[in-house]
Amino acid sequence: MGRYLLRRLLLLGPVLLGVSVVVFLVLHLSPGDPAEIMLGPQATQEDVSRLRAALGLDEPLPMQYVRWMGHVLQGDLGRSIRMRQPVLGEVLTRFRATLLLTATALLLSTVGGVTLGVLSASRPNSLVDRLSTVGSIFGASMPSFWLGLVLMVCFSLWLGWLPASGMYAAHGGGGLGDLLAHLALPAITLAAASMTIIARLTRSTLLDILRQDFVRTARAKGLVERAVVLRHALRNALIPTVTVVGVQAGYLLGGAIFTETVFAWPGVGTLMIQGILARDFPLVQGCVLVIALVFVFFNLAVDLLYAVLDPRIRYE
Amino acid sequence: MKRRRFWSGAALALLVALTAGAPIAPAQSASTLVVGLVAEPVALDPAQVTDLNSNRVGRRVVETLVAFADESTQIVPGLAESWTIARDGLAYTFKLRKGIAFHDGTPFNAQAVKFSIERQINPEHPANKLGKYPFAAYFFGNVKAVEAMDEATVRFILKEPRASFLAIMTAGAASIVSPTAAMKSGQDYAVSPVGTGPFKFAAWDRGQRVVLEKNSSYWRYPVKVDRVIYRPVTEDQARLTELLTGGLDLIVGTPPDFVAQLENHPKVTLQKQVGAHVWYLGFNNTKKPFDDKRVRQALNYAVNKEAIVRDVLKGTGAVSKGPVLPKTWGDEGGLKPFPYDPERARKLLAEAGLPSGFSTTLWVPESGSGMQSPVAMSTIIQSNLKAVGVNVTLQTMEWGTFLAKLRTKEQDMFALSWMAGSEDPDLVMYPLLHSSQWTPVGPNRAMYKNTRFDEVLAQARLVTDQAKRAELYREAQRLLHDDPPWIFIDHEVQTAAFSKRVQGFKLHPSFDLRVETISLK
């Protein structure tokens, strides 16, 4: 176990290095120039070249990469081109909001998805099962930004139950209740697609397992159906679900970009969109590195969780 | 059971960790104004930013020597109470107001003026390395020296006469900052500005809000709102919903599709105002067939500007007849916009030897500062031109790519706009149309050259008398009408929507957002 963990952690290095090279190249080779965008249509050639030089953008690409990487290795992600603020501080401040949103969405989609899956599987073709099937198709095929807007119009504009944007009320807010109210719509929007996937998967795996011999044995022992499904069958059905939850965590981190933009959630996604539009290279690179790091750790955690769920799995 | 308690404890700890240190907002107050911006400000030092949102917030904190009048871009005294211009137009001497202090308590004086401008143009200045000043050359490239004559007198020496210098001194880049604060905060000054303005900088929660607090000893008048909170809400529907549900008091940049809905809404007031802006379709005047002015006239007749303003912009544009803002001192009131007349367009094309039209390409940015609805507008223009036999291929690009491509001089036609933020005709006609400003050196991306027009503009820079300048600019506009460099499309009508409790707000033609005039009911 210890050696496995060490090996996985050592692999982090090459993975992050690869991510950094790809992000760096994609950003720098795509057309559009930060100086040009910052200065806008009023810029003279002189202004643009002066700013490019000041930003170090007139150096050859490999030089720029090496210089940046050198700083990154010392824990310095550089300064944002537009905001001139240290990238690390900006990203970490914003990442807390993203993590809160993603974690809540993951919790919602996992708990909601597994519950729906279990309900459907234990009563196949019942009303609950059919409703959940229809809901799943709806949820999976709906773009999150559209769902977000619909929820916003219903719950904020028409019903007036929940705030439409932000993380706290601009004035008079700040408490946990205020936070949860602001979190509700974005978290549901973000969770919807994942929840349906998890529900479908849990349903089909659980249906398979409920037909197996050990389940018949458990029933023959006289266990109540609840115990059969929840204690015996579900635990075995959860392995594929956990894998998917791990993958979904990554999707949720990525999908948060759209949800954050719709709901003005002050996370790393809105920061990254601004960064991309302005070609703020250090800022976007910093955001992607941090997201990649979290994603890799998430996958590691999921792998370790297998062993907890199924004692037969061992890591050597 | 034990394990379950462990997990719920861990979850609670995580929640607390994530929410800890969250900003505690001040208690709801009847005198707090909440403004919704389209995007978050980048920084708040107007000399270091180039975007509208940053300027709209930053300019509440710092002020300029000369300013715009309340409802126009006519120049009035600001931090300077008066000024004199040397006969040769090479020296501007400002008499400063006395007894004004920066928000940090240090005095506003001639040294502060010298500091604020010199930090941008003098590479040896101790504050020069503390920021990047993107428009230093554009605005102050013509400044040879700034001299503090005494505590309350400052003189600007120019390299060559430039009649629009006063208009330049109204720009955000010409704001006067507290030298003490700028040196103390260093690179962080841009996110914690200190000036003499109606509001003091209070706090900035990244991604969430910028908080300004009232300057209770503001020199001009007592400010009636205690606090202004700016919130970035990018999504149009979210901004609108927040306004209608009371989360925001005022929003700017209402999307055209929402205008009708807001105009008749009982809870909000919609205000409109023509801004110092122009949206145009540039020709490459050096390429065939655009080198023939009959072709350029023809295309001006071929486009239905009224339809664009009515159907695409839903009234958030005013049809343009040239680059100068209508009904300002430099405007040639005798000119009318080119009427929509496809018949005449066809005739002119035939005269130019193109009876069956021609094919060309039009470069359009997907979005961009001041670009309104570029793709929808260009699509109408495309179909208008098709009707007179001109086949246009639209090429849409991302803003940064678009600007870079225009420097290649390969464009046939392109859609672009210009926010001069001032009514001074020099600040729109000279950069956009004088032949010394051809891209890539300057912003004349249409590569327009008209010798007489060049002469008139140069002459107008040398006379400081406004009436004489106006005469020259009127001639310049008549020349442009006869020999059009672009298809003139529209001037943006800016919109603001605000709740009924907001009183005394007026949109300003410079696109500034002057919330200091607001009182709350």
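The values are calculated or read from the model by the stated rules, or taken from the named source; none is laboratory data. Nothing here was measured: the structure is a model prediction, and the numbers come from that model. With ideal geometry, Cβ positions are generated from the backbone for all residues, glycine too; neighbour counts draw on all protein chains shown.
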task = State whether one or more residues within the stretch A:59-71 are assigned to a helix (DSSP H, G or I), more than 14 Å from chain B (Cβ to nearest Cβ), surrounded by fewer than 21 Cβ atoms within 10 Å (Cβ to Cβ) and among the small types (Gly, Ala, Ser).
result = yes
key: Within the stretch B:403-430, tally of residues that are under 19 Å from B:Pro374 (Cβ atoms), part of a helix (DSSP H, G or I) and more than 11 Å from chain A (Cβ to nearest Cβ)   = 0
remark   = Matching residues in the stretch A:4-43 (within 21 Å of B:Val42 (Cβ to Cβ) and over 26 Å from the mean Cα position of the chain (by Cα)) number 12
ask   = Taking the condition more than 21 Å from A:Thr110 (Cβ to Cβ), assigned to a loop (DSSP other than H, G, I, E, B), at pLDDT 90 or above and not polar (S, T, N, Q), does A:Gly166 pass?
value = yes
note = Note on the stretch A:264-316: residues at pLDDT 90 or above, of a type in the set (Gly, Ala, Ser) and assigned to a loop (DSSP other than H, G, I, E, B) are A:Ala264, A:Gly267
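A quick yes/no check of all residues on (1) more than 14 Å from every other protein chain (Cβ to nearest Cβ); (2) free of Cβ contacts under 8 Å to residues at least 24 places away in the same chain:
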residue	(1), (2)
A:Tyr4	yes, no
A:Val22	yes, yes
A:Gly32	no, no
A:Gly40	no, yes
A:Ala53	no, yes
message = Restricting to the stretch B:28-48, name every residue that is facing chain A (nearest Cβ under 9 Å) and acidic (Asp, Glu).
response = B:Glu40
request  = From A:Ile257, A:Ile313, A:Ile239, A:Ile273, grab the single residue that is surrounded by fewer than 19 Cβ atoms within 10 Å (Cβ to Cβ) and within 14 Å of chain B (Cβ to nearest Cβ).
outcome  = A:Ile273
ask   = In this structure, does B:Thr241 turn out to be free of Cβ contacts under 8 Å to residues at least 40 places away in the same chain, surrounded by 16 or more Cβ atoms within 10 Å (Cβ to Cβ) and either within 14 Å of chain A (Cβ to nearest Cβ) or more than 24 Å from B:Gly368 (Cα to Cα) (or both)?
value = yes
request  = Taking the residues in the stretch A:74-88 that are outside any loop (DSSP other than H, G, I, E, B) and of a type in the set (A, V, I, L, M, F, W, C) as candidates, determine which candidate is farthest from A:Gln64 (Cα to Cα).
outcome  = A:Leu88
key: Residues that are closer than 19 Å to A:Gly148 by Cβ and either over 15 Å from the mean Cα position of the chain (by Cα) or more than 9 Å from chain B (Cβ to nearest Cβ) (or both), drawn from the stretch A:86-103   = A:Thr98, A:Leu101, A:Thr102
inquiry  = Among the listed residues B:Thr106, B:Thr73, B:Thr153, B:Thr84, identify the single one that is hydroxyl-bearing (Ser, Thr, Tyr), away from chain A (no Cβ under 14 Å) and under 27 Å from the mean Cα position of the chain (by Cα).
reply    = B:Thr73
query = Which of the residues belonging to the stretch B:431-456 are more than 14 Å from every other protein chain (Cβ to nearest Cβ) and of a type in the set (Phe, Trp, Tyr)?
reply = B:Tyr448, B:Phe453
task = Considering only the stretch A:1-52, state which residues are under 29 Å from A:Ala301 (Cβ atoms), among the small types (Gly, Ala, Ser) and modelled with pLDDT of 80 or more.
result = A:Gly13, A:Gly18, A:Ser20
request  = Return the residue satisfying two criteria in turn: it lies in the stretch B:154-197 and is basic (Lys, Arg) and out of contact with any Asp or Glu (no Cβ under 7 Å at 6 or more places or on another chain), and of such residues it is nearest to B:Tyr473 (Cα to Cα).
outcome  = B:Arg162
task = Kindly indicate whether any position in the stretch A:188-199 is under 19 Å from A:Leu100 (Cα atoms) and facing chain B (nearest Cβ under 10 Å).
result = no
query = Does B:Ala167 meet the test of being touching a helix residue (DSSP H, G or I) at 6+ places or on another chain (Cβ under 7 Å) and free of Cβ contacts under 8 Å to residues at least 24 places away in the same chain?
reply = no
